[in-house]
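The values are calculated or read from the model by the stated rules, or taken from the named source; none is laboratory data. All figures in this text were calculated on a predicted structure; none of them were measured in a lab. Because the Cβ atoms are built from the backbone with ideal geometry, glycine has one as well, and the counts that use them run over all protein chains shown. In case anyone asks, the SASA skips ligands and DNA or RNA and just uses the protein heavy atoms, side chains included. Shrake-Rupley method; radii C 1.70, N 1.55, O 1.52, S 1.80 Å.
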Amino acid sequence: MTLHAPYDTNNIFAKIIRGEMPSVKVYEDDVALAFMDVFPMGEGHTLVIPKRGDARHFIDLPESEVGDYMVRVQKVARAVEKGLKPDGVRIFQFNGAPAGQSVFHLHFHVLPVWEGRAVGPHASGGMKGAAELEPVAAKIRAAL
């Protein structure tokens, strides 16, 4: 998939925004939705997506919307840090398939990291269910 392909309104994140697919939500407002990654690289791996329906990646997001969206990414990252107390937090994002993007709706990863605890490769971990993700999500929500 090229960097400049058209937005697919049936991607999994668009379906989550529309309520057509389930997710374990951490935060939601009119700008962004944050939820647990079902293929986490580690405990507490959270995704923050804009609710705007046509930004495939960061380069696509209009400048006028960057600030409001990034405030939400920071808000969720702070809650992950406060709620889970990791030794560090990775905040990252991919633009295009060659860069590692696998879902073509803009999203930032917020990944807590603990010393001595391995982090798995992107999008290669086993799928986690809501029952496993919900207790961690509850700690993050409580920290918001």
For the chain, set up a GNM with springs between Cα atoms under 10 Å and report which of A131, A97, A77 has the largest fluctuation. A131
Using the heavy atoms of the protein chains and a 1.4 angstrom probe, tell me the accessible area per residue for the chain in square angstrom. 52 Å²
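Taking trypsin sites (Lys or Arg not before Pro) as candidate sites, keep only those in a DSSP loop with at most 13 other Cβ atoms within 10 Å, then name the longest stretch of the chain containing none of them. Before the final figure, lay out the partial values.
Numbers: sites that count: R18, R117.
Longest stretch, sites excluded: 19-116.
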Under a straight-distance cross-link criterion of Cα-Cα below 17 Å, which aspartates and glutamates are reachable from K15, leaving out those fewer than 8 residues away in the same chain? E28, D29, D30, D37, D54
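Let me have the 222 nm mean residue ellipticity of the chain computed from DSSP H runs of 4+ only, each contributing -39500 (n - 2.57), with the sum over all residues rounded to the nearest 500. Mind showing how you got there, number by number?
Details: 3 runs with 42 residues, N = 144.
Taken over the chain, the calculation gives -9500 deg cm²/dmol.
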Distance from a point 7 Å along Cα→Cβ of D68 to each backbone N in the range 76-98: keep the residues under 16 Å and list them by number. none
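Share of the range 11-94's accessible area from carbon and sulfur, percent, 1.4 Å?
Values: 2080 of 4020 Å².
The nonpolar share, carbon plus sulfur, comes to 52 percent.
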With all protein chains present and a 1.4 Å probe, how do D60, D37, D87 order by accessible area, largest first? D87, D60, D37
State, as an integer percentage, the relative contact order of the range 8-91 based on alpha-carbon contacts under 8 Å between residues 6 or more apart. 21 percent
Order I91, I12 by their accessible area, 1.4 angstrom probe, all chains in place, largest first. I91, I12
What FRET efficiency would be calculated for the residue pair D30, A118, taking the C-beta separation as r and a Förster radius of 30 Å, to the nearest 0.05? 0.20
If you rank I17, I140 by how much accessible surface each has, with a 1.4 Å probe, what is the order from largest down? I17, I140
Once you put a point 7 Å from the Cα of E132 and another 7 Å from the Cα of F39, both along the Cβ direction, what distance in nm separates them? 1.4 nm
Place a point 7 Å from the Cα of A142 in the direction of its beta carbon; the residues of the range 85-112 whose amide N falls under 19 Å from it are 85-87, 112
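Rounded to the nearest 0.05, what FRET efficiency do K75 and N11 have when you use their Cβ-Cβ distance and R0 = 30 Å?
On the way: r = 24 Å, r/R0 = 0.80.
For R0 = 30 Å, the calculated efficiency reads 0.80.
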